[in-house]
1. Is it the case that SER113 is open to solvent by 60 Å² or more (accessible area, probe 1.4 Å) and of a type in the set (Gly, Ala, Ser)?
2. Residues that are in contact (Cβ under 8 Å) with a residue 24 or more places away in the chain, under 18 Å from ILE124 (Cα atoms), surrounded by 12 or more Cβ atoms within 10 Å (Cβ to Cβ) and out of contact with any Lys or Arg (no Cβ under 6 Å at 6 or more places or on another chain): does the range 60-72 have at least one?
3. Given the conditions (1) under 29 Å from ALA69 (Cβ atoms); (2) part of a helix (DSSP H, G or I); (3) open to solvent by 20 Å² or more (accessible area, probe 1.4 Å); (4) in contact (Cβ under 8 Å) with a residue 24 or more places away in the chain, and given that GLY121 satisfies all but one, which numbered condition is not satisfied?
4. Being on the phi < 0 side of the Ramachandran plot, open to solvent by less than 70 Å² (accessible area, probe 1.4 Å), of a type in the set (Gly, Ala, Ser) and assigned by the TED database to the domain that holds SER144, is that true of even one residue in the range 87-95?
5. Go through (1) open to solvent by 70 Å² or more (accessible area, probe 1.4 Å); (2) among the β-branched types (Val, Ile, Thr); (3) touching a helix residue (DSSP H, G or I) at 6+ places or on another chain (Cβ under 6 Å) and name the single condition VAL75 misses.
6. Report the residue count in the range 31-58 for those that are under 23 Å from TRP89 (Cα atoms) and either charged (D, E, K, R) or open to solvent by 70 Å² or more (accessible area, probe 1.4 Å) (or both).
7. Quick one: ARG133 ticks every box in (1) open to solvent by 60 Å² or more (accessible area, probe 1.4 Å); (2) of a type in the set (Lys, Arg); (3) assigned to a loop (DSSP other than H, G, I, E, B) except a single one, so which number is it?
8. I'm trying to understand the selection: among the residues of the range 7-30, which are farther than 14 Å from VAL131 by Cβ and either modelled with pLDDT of 95 or more or open to solvent by 80 Å² or more (accessible area, probe 1.4 Å) (or both)?
Amino acid sequence: MTLYATLDSPLGELLLVGERSATAPGGTALASLSVPGQKRGAVVQDDWTHDPAAFAGIARQLRAYFDGAQQPFAVECVPRGTDFQQRVWAALEAIPYGTTTTYGAIAAAIGASRGAVRAIGTAIGANPLLVVRPCHRVIGADGSLTGYAGGLARKQLLLGLEGAVPEAR
């Protein structure tokens, strides 16, 4: 059964989507966290069940994050994606709060060649868990803000919230 809830945030109304899980805190594993207008973002389906209580734990963590107090997230996620995507996403989860890294550094972290940077970018762009899986912390090799499914203004807002806005180049 797919569950969903919405949560107001500085990024706009977040859509949280998940599934029941006996092992997840609060009984719900997170499958998607998306923002309005997000590329490939989730869209509520007719057969989904609106259940804000199922997302109380993650909502509490998200509110704390936006208040500058939460890091890192303690959320069980629904395992989705290819093996390659899973490796890239695990590397994203290892990026410390308040820091940034590059696509090339992600490639190195997962043992991929520098030539795999485009594939790394594609995997990062397919990340279904914005904010929780911090793809916003990946920037261009020249320090520029590049590619974010939620839009560059939101990426800049998140990095600013974390005190990690790269210097203009």
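The values are calculated or read from the model by the stated rules, or taken from the named source; none is laboratory data. Model, not experiment: these values are computed from the prediction. For neighbour counting, all protein chains shown are included, and Cβ atoms are generated from backbone atoms with ideal geometry for every residue, glycine included. Just so you know, the surface numbers come from the protein's heavy atoms only, side chains and all, with ligands and any DNA or RNA stripped out. Shrake-Rupley method; radii C 1.70, N 1.55, O 1.52, S 1.80 Å.
1. Values: open to solvent by 60 Å² or more (accessible area, probe 1.4 Å): yes; of a type in the set (Gly, Ala, Ser): yes.
When the stated conditions are applied, SER113 passes them.
2. The answer is no, given that none of the residues of the range 60-72 is in contact (Cβ under 8 Å) with a residue 24 or more places away in the chain, under 18 Å from ILE124 (Cα atoms), surrounded by 12 or more Cβ atoms within 10 Å (Cβ to Cβ) and out of contact with any Lys or Arg (no Cβ under 6 Å at 6 or more places or on another chain).
3. (1)
4. yes
5. Failing condition for VAL75: (1).
6. Restricting attention to the range 31-58, the residues satisfying the condition of being under 23 Å from TRP89 (Cα atoms) are 31-43, 55, 57-58.
Filter once more, keeping what is either charged (D, E, K, R) or open to solvent by 70 Å² or more (accessible area, probe 1.4 Å) (or both): 37, 39-40, 43.
Summing the residues that are under 23 Å from TRP89 (Cα atoms) and either charged (D, E, K, R) or open to solvent by 70 Å² or more (accessible area, probe 1.4 Å) (or both) in the range 31-58 gives 4.
7. Of (1) open to solvent by 60 Å² or more (accessible area, probe 1.4 Å); (2) of a type in the set (Lys, Arg); (3) assigned to a loop (DSSP other than H, G, I, E, B), only one is false for ARG133: (1).
8. Going residue by residue through the range 7-30, those that are farther than 14 Å from VAL131 by Cβ are 18-29.
Hits for the range 7-30 are GLY18, ARG20, ALA22, THR23, PRO25.
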